[in-house]
């Protein structure tokens, strides 16, 4: 019988212990993977609960009221972990919706608008002002057109005849003398931002003291005559002022609430979901929004003016959009508009003129393109647009 040396026993023990350690490490690794797998899917399930609550809020006005009562709403009767707390607050002409589970281990926020503007979904609406509408140059309408009852003409302007396709008769409707009804509560809420004293938020002057490229996210700013340099980094900001100039080179997202003038300079971009709300405090006929050449506004432009002129002028231009500029979303002008660029979404104009250095031409659209699009959330403006909401953007954590 072969004998084993006693000196080999420690080696055997060491090897046995190493094998045992390796087996234990394998079990621990498997347990860790299982733990992280379960935690990952639990977190994903919590996020799905938040998204489900948002879907209910967006589509059911009655259930939305229950979701916003302040108590945790349990989505599924047999799953207490599906309880979600939902809160909503106005953010300009959108809504900010915050959702969290009962123990606040999962949370998310969104900017939400309306899924549609009005049921008839026009590309262009121009009120009846007892004169016809003339299209010239590269003007055109892709979608339903609500036009003055005096009719539609295809004409020539500056030696440029109409070069587009004639509008299909079946897509032309007659507009009334007024624009579609809007939600007076939304207008009062926006006007209250202009008249509030003291104003909520941070003075715009504080940013000027921070160097060339200050940054703000999801906050309110206010001032009087404000200039936004191209180097500033603003995201989902609410700006309240009398006069605002967005300088060339700027690219950011903000809603501007102003009482006098807004100028978006050449090449500046207000990214979706942005907007401009312009309503004079002491008589609405002084307002003016100017979208310069190659400027971009993605979201909405809402201007309240007066079709009758002021200071001796026959007509004031309250909204002016230059050639090469583009507005994506809602254009609403309760006043007079000069449009020469492109509008993708929906446009509602009380009256349109084309302005040159010498003359103003009533009812003329020259090189203006209107295209119906529903790919963005509309602001909460119209009264008869229905309840259904649409997500404009998921917000980054503050």
DSSP bridge orientation in the chain - percent antiparallel, rounded to nearest 5: 25 percent
Based on the Kirkwood radius over alpha-carbon pairs, what value in µm²/s does the Stokes-Einstein equation return for the translational diffusion coefficient of segment 124-376 at 25 °C and 0.890 mPa s? 132 µm²/s
Evaluate E = 1/(1 + (r/R0)^6) for residue 213 and residue 192, where r is the Cβ-Cβ distance and R0 equals 30 Å; express this FRET efficiency to the nearest 0.05. 0.40
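Taking the beta-carbon count within 10 Å as an exposure proxy, list 277, 146, 57 from fewest neighbours to most. Before the final figure, lay out each step's value.
Working: 277 28, 146 20, 57 25.
If I rank by nearby Cβ atoms, fewest first, I get 146, 57, 277.
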Report the FRET efficiency, 1/(1 + (r/R0)^6), for residue 150 and residue 235, where r is their Cβ-Cβ distance and R0 is 45 Å, rounded to 0.05. 0.50
Determine the relative contact order of the chain: mean sequence separation of Cα pairs under 8 Å and six or more apart, normalised by residue count, in whole percent. 16 percent
Please work out the FRET efficiency for the pair residue 242 and residue 62, using the Cβ-Cβ distance as r and a Förster radius of 51 Å; give the result to the nearest 0.05. 0.80
Counting other beta carbons within 10 Å of each residue's own, what order do 48, 190 fall into, fewest first? 48, 190
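Neighbouring Cβ atoms within 10 Å as the yardstick, rank 254, 156 fewest first.
Arranged by neighbour count, lowest to highest, 254, 156 become 156, 254.
Applying a 10 Å radius around every beta-carbon, put 288-294, 14-20, 358-364 in order of their mean neighbour count, most first.
Working: 288-294: 21.1, 14-20: 10.0, 358-364: 15.0.
Put in order of decreasing packing, that is 288-294, 358-364, 14-20.
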Between residue 11 and residue 69, what length comes free when the chain is fully extended (0.36 nm per residue of separation minus the Cα-Cα distance, one decimal in nm)? 13.9 nm
Residue 132-residue 87 pseudo-label distance in nm [points 7 Å out on the Cα-to-Cβ vector]: 5.8 nm
Sorted peptide list for 116-124, 384-392, criterion being average Cβ within 10 angstrom, highest first: 116-124, 384-392
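Each reported figure results from applying straightforward, stated rules to the coordinates on display, with no laboratory input. All values derive from a computational prediction rather than experimental measurement. No Cβ is skipped: glycine too gets one built from the backbone with ideal geometry, and neighbour counts run over all protein chains shown.
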